[in-house]
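Peer 1: Okay, handing you the structure first.
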Amino acid sequence: MLVDSHCHLNYKGLAERQGEVLGNARAAGVTAFLNISTRQSEWADIVATAEREPDVWASIGIHPHEADHHADLGKGALLEAAEHPRVVAIGETGLDYYYDKSDRAVQQALFRTHIEVSRETGLPLIIHTRDADEDTASILADEMGKGSFPALIHCFTASPEFGRKVLELGLTISISGIVTFKNARELQEFTKEIPEDRILVETDSPFLAPVPHRGKTCEPAFVRNTAEFVADLRGTSVEALAEATTRNFYALFDKATA
């Protein structure tokens, strides 16, 4: 039993053959999927997929790349969308200073809006952070001081120092297929450090296909390859890792049901 804790089933490359993609993943032992939104215009589609597929859950949020286009969103729209029974998470949100597709101040303000919604609803926050370790950690620490909220760093690629900081704040960390890449030595070493009750696995499909699928469109079925690699890194069996990460998924996203 595995869970793909972060995928984009409604993105090009998967949406056109969604039934086949889900079937492949179920055959590989994937028993649940968290389908992630990145802009408001996707929310209805993302939720509709979760309504149609009993093992698919939905998130609602605005990716930092899209922040400039949602600068006036406000928390009301997020709070209303979060009431849907199939919506189990807020995000993905966060900061991306690598591409800088949106103004950094707007990214930060929208990130804090998502945090408010997470705190008010109790739904976990899904965080994207790239080349923004210092500001992400600072905002998280500041906001945790105002009241705790459940949160996850998805597709972790940051420094070990940042990883330790967010673990101290109580966050969970999700590992993607990037960990299987040859040049990901630092990530591989840090993955060994993550406590058993704070680790998840994901694909971020249709992106970042793990070895041995690099260069292909990533599918949720490939979460098994990542899980096998992570289990080997951590000196455990894939069965034990699958059990732990599935348990962690439902502990964090407790609005979802097994």
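Read-outs throughout are calculated quantities, based only on the coordinates presented, and are distinct from any laboratory measurement. All of these numbers come straight from a predicted model, not from anything done at the bench. Here the Cβ is made from the backbone with ideal geometry for all residues, glycine too, and neighbour counts use every protein chain on show.
Peer 1: Under 1.5 on a/c is rounded, so check that first for segment 1-121, then, if it is not, pick prolate when a/b is larger than b/c and oblate when it is not; a ≥ b ≥ c are the square roots of the alpha carbon gyration tensor eigenvalues.
Peer 2: Here segment 1-121 falls in the prolate category.
Peer 1: Please go through the residue pairs LYS12/LYS146; LYS75/LYS146; LYS75/LYS255 and name each one whose alpha carbons sit more than 28 Å apart in this structure.
Peer 2: Among LYS12/LYS146; LYS75/LYS146; LYS75/LYS255, the Cα-Cα distance tops 28 Å for LYS12/LYS146.
Peer 1: Separate question: Placing +1 at every Lys and Arg Cβ and -1 at every Asp and Glu Cβ, with all other atoms neutral, what dipole size does the chain have around its Cα centre, in debye to the nearest 20?
Peer 2: Dipole about the Cα centre, nearest 20: 420 debye.
Peer 1: Ranked from highest to lowest mean number of other Cβ atoms within 10 Å per residue, what is the order of the peptides 173-185, 120-132?
Peer 2: Taking the mean over residues of other Cβ atoms within 10 Å, the ranking is 120-132, 173-185.
Peer 1: First select every other residue whose beta carbon is under 14 angstrom from the beta carbon of ASN225; then total the charges, Lys and Arg +1, Asp and Glu -1.
Peer 2: Result for the neighbourhood of ASN225: -3.
Peer 1: Whole-Hz ³J(HN,Hα) for each residue in segment 164-170, computed from phi via Karplus 6.51 cos²θ - 1.76 cosθ + 1.60 with θ = phi - 60°, x for glycine and proline: what do you get?
Peer 2: Karplus-based 3J(HN,Hα) across segment 164-170 equals 5, 4, 6, 5, 4, 7, x Hz.
Peer 1: Further question on the same structure: Measuring from centroid to centroid over Cα atoms, what is the spacing of segment 147-167 and segment 83-123 in Å?
Peer 2: When both Cα centres are located, 15 Å separates them.
Peer 1: While we're looking at this one, here's another question. Using the C-alpha atoms of the chain, what convex hull volume per residue, in cubic angstrom, is computed?
Peer 2: Spelled out: Cα convex hull of the chain, divided by residues, is 112 Å³.
Peer 1: Along the charge dipole of segment 2-252, Cβ charges K/R +1 and D/E -1, which of TYR97, PRO64, THR180 sits furthest on the positive end?
Peer 2: The listed residue farthest towards the positive side: THR180.
Peer 1: Where does the chain land at 222 nm, in deg cm²/dmol rounded to the nearest 500, when only DSSP H runs of n ≥ 4 count, each adding -39500 (n - 2.57), divided by all residues?
Peer 2: My calculation for the chain gives -12500 deg cm²/dmol from helical runs alone.
Peer 1: Under the Karplus relation 6.51 cos²θ - 1.76 cosθ + 1.60, θ = phi - 60°, what is the ordered set of whole-Hz ³J(HN,Hα) values for segment 239-249, x standing for Gly and Pro?
Peer 2: Whole-Hz 3J(HN,Hα) from phi for segment 239-249: 5, 5, 5, 4, 4, 5, 5, 5, 4, 5, 4.
Peer 1: Can you compute the FRET efficiency between ASN24 and ARG185 using 1/(1 + (r/R0)^6), with r the Cβ-Cβ distance and R0 = 25 Å? Round to the nearest 0.05.
Peer 2: 0.25
Peer 1: Please report the net charge: other residues with Cβ closer than 14 Å to the Cβ of GLY13, K and R +1, D and E -1.
Peer 2: For residues surrounding GLY13, the net value is -1.
Peer 1: Moving on to the next point. Quick check: Cα centre of segment 1-20 to Cα centre of segment 173-187, how many Å?
Peer 2: Going from one Cα centre to the other spans 21 Å.
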